[in-house]
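In what follows, a structure is listed as structure tokens, so that the remarks can point back to it.
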Amino acid sequence: MQMLASLFLPTYPDPPGPKIASNAVAVAKQLGATLDAAVINVDIPDVSNALSSFLLDLPAKIREVETASRNRGKALLENVAAEAARCKVTLTTQELKAQPAFIGEAAAREGRYFDLCMVGWARDTESIRMTAEEVVFSSGRPALILPGDEDVGALDNVVIAWDGSRVAARAVADAKPFLERASAISIVSVTDEKVLPGKDIAERLAHGLAARGLRAKAQSIQTGDSEIGVALQEHALKVGGNLLVMGGWGHSRLRDFVLGGATEGILSNLRLPVLMSH
């Protein structure tokens, strides 16, 4: 069955980094997937009255912002199309629109029709972080968060963050397409961050993967003075990992996300591609 991957590209107020097109296409090619690239342009409701129109010319400013958003979206789709053609990846495209507060929600809703959702990353860009959070927690699909400023290459050295939880198990299952193509798999458990369900949980997962024909190494680490999100990424990079797989802890109340420590650390300072499932 053909795998379907999606790439979501918010265009307001700022787009993701310049490498997102090549990185997303590279992932689709690695997985043998069809890629759908969707830009999400801003749709600002006209709430002007006679006074605001007279003093600020608000309708004209709204049109200016929306036009700039659409132009960024067009450029993003052109970049993805050129990269897909170069790599011989089947591509479909679409243009969505949403009010500023609901850009991430539009991505999550559309993502439910695909096997894998990809979002780009840009440091200190709130709209992109909100989109990533919504896709992780609301799409019901695995979310691959990709750095937007550097080439990621093949995601074939996979590090699994394992704490024996439901969301971690979901992430391992969702990572199957990557695990089956991996040249190296390692499992890491953090022993000093919270109570774990056993001392040998990483080894037990390694045995389970081995029974499925996948060789994996198990290791335990401690955070020390670092936050858990930092410790996980530093460990992944230290062992040569180029994809971190983990469960996403968190929930939303009135659209304000309350995130677990590891999830918050990853989404605050992404240092390598992360496949996150909820």
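Conditions (1) buried (at least 19 other Cβ atoms within 10 Å of the Cβ); (2) at pLDDT below 95; (3) out of contact with any Phe, Trp or Tyr (no Cβ under 8 Å at 6 or more places or on another chain), marked per residue:
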{"site": "LEU205", "(1), (2), (3)": "yes, no, no"}
{"site": "LYS217", "(1), (2), (3)": "no, no, yes"}
{"site": "GLY240", "(1), (2), (3)": "no, no, yes"}
{"site": "MET246", "(1), (2), (3)": "yes, yes, yes"}
{"site": "LEU272", "(1), (2), (3)": "yes, yes, yes"}
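Anything in region 156-186 that is modelled with pLDDT of 95 or more and of a type in the set (D, E, K, R)? List them, or say none.
Matches in region 156-186: ASP156, ARG170, ASP174, LYS176, GLU180, ARG181.
Of the residues ASP14, ASP46, ASP36, which is touching a Leu at 6+ places or on another chain (Cβ under 9 Å), more than 18 Å from ARG112 (Cβ to Cβ), among the acidic types (Asp, Glu) and assigned by TED's automatic domain parsing to the domain that holds ALA85?
So the residue among ASP14, ASP46, ASP36 that is touching a Leu at 6+ places or on another chain (Cβ under 9 Å), more than 18 Å from ARG112 (Cβ to Cβ), among the acidic types (Asp, Glu) and assigned by TED's automatic domain parsing to the domain that holds ALA85 is ASP46.
Any residue at all in region 131-153 that is surrounded by fewer than 22 Cβ atoms within 10 Å (Cβ to Cβ) and closer than 20 Å to LYS97 by Cα?
There is at least one residue in region 131-153 that is surrounded by fewer than 22 Cβ atoms within 10 Å (Cβ to Cβ) and closer than 20 Å to LYS97 by Cα.
With the structure loaded, tell me whether ARG181 is surrounded by fewer than 18 Cβ atoms within 10 Å (Cβ to Cβ) and assigned by TED's automatic domain parsing to the domain that holds PRO10 or whether it fails that test.
It is false that ARG181 is surrounded by fewer than 18 Cβ atoms within 10 Å (Cβ to Cβ) and assigned by TED's automatic domain parsing to the domain that holds PRO10.
Evaluate the following for ALA26: is it surrounded by 17 or more Cβ atoms within 10 Å (Cβ to Cβ), touching a Phe, Trp or Tyr at 6+ places or on another chain (Cβ under 8 Å), at pLDDT 95 or above and assigned by TED's automatic domain parsing to the domain that holds ALA132?
no
Assess whether VAL188 counts as being within 25 Å of VAL136 (Cα to Cα), touching a Phe, Trp or Tyr at 6+ places or on another chain (Cβ under 8 Å) and assigned by TED's automatic domain parsing to the domain that holds GLU264.
For VAL188, the condition - within 25 Å of VAL136 (Cα to Cα), touching a Phe, Trp or Tyr at 6+ places or on another chain (Cβ under 8 Å) and assigned by TED's automatic domain parsing to the domain that holds GLU264 - is met.
May I ask you to say which residue of GLU83, GLU64 is free of Cβ contacts under 8 Å to residues at least 12 places away in the same chain and either in a helix (DSSP H, G or I) or over 30 Å from GLU180 (Cα atoms) (or both)?
GLU64 is the lone residue from the list that is free of Cβ contacts under 8 Å to residues at least 12 places away in the same chain and either in a helix (DSSP H, G or I) or over 30 Å from GLU180 (Cα atoms) (or both).
Can you tell me which residue within region 220-238, out of those that are closer than 14 Å to VAL274 by Cβ and of a type in the set (Val, Ile, Thr), is surrounded by the fewest Cβ atoms within 10 Å (Cβ to Cβ)?
By that ranking, first place goes to VAL230.
Which of the residues that make up region 106-128 are within 9 Å of the chain's Cα centre (by Cα) and either without any contact (Cβ under 8 Å) to a residue 12 or more places away in the chain or closer than 18 Å to TYR12 by Cβ (or both)?
Within region 106-128, VAL119, GLY120, TRP121 meet the criteria.
Just to check your reading of the model, which residue among GLY73, GLY104 is modelled with pLDDT under 95, outside the structural domain of ALA168 (by TED's automatic domain parsing), among the small types (Gly, Ala, Ser) and touching a Ser or Thr at 6+ places or on another chain (Cβ under 7 Å)?
Every option except GLY104 fails the conditions.
What do you reckon, is ALA143 hydrophobic (A, V, I, L, M, F, W, C), within 18 Å of LEU179 (Cβ to Cβ), touching a Gly at 6+ places or on another chain (Cβ under 8 Å) and not assigned by TED's automatic domain parsing to the domain that holds PHE178?
yes
Where the second residue is surrounded by 14 or more Cβ atoms within 10 Å (Cβ to Cβ) and of a type outside the set (A, V, I, L, M, F, W, C) and the first is closer than 14 Å to LEU144 by Cα and lies in region 171-183, which pairs have Cβ atoms under 7 Å and are six or more apart or on separate chains?
Matching pairs, first to second residue: ALA171/GLY247; ALA171/SER277; ASP174/PRO142; ASP174/SER277.
Matching residues to (1) among the aromatic types (Phe, Trp, Tyr); (2) in a strand (DSSP E or B):
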| site | (1), (2) |
| --- | --- |
| TYR113 | yes, no |
| CYS117 | no, yes |
| GLY120 | no, yes |
| VAL152 | no, no |
| LEU155 | no, no |
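Could you tell me whether any residue of region 187-199 is buried (at least 16 other Cβ atoms within 10 Å of the Cβ), modelled with pLDDT of 95 or more and under 15 Å from the mean Cα position of the chain (by Cα)?
no
The values are calculated or read from the model by the stated rules, or taken from the named source; none is laboratory data. Note that the coordinates shown come from a computational prediction; the quantities given were computed from them, not determined experimentally. Every residue, glycine as well, gets a Cβ built from its backbone with ideal geometry; the counts of neighbours run over all protein chains shown.
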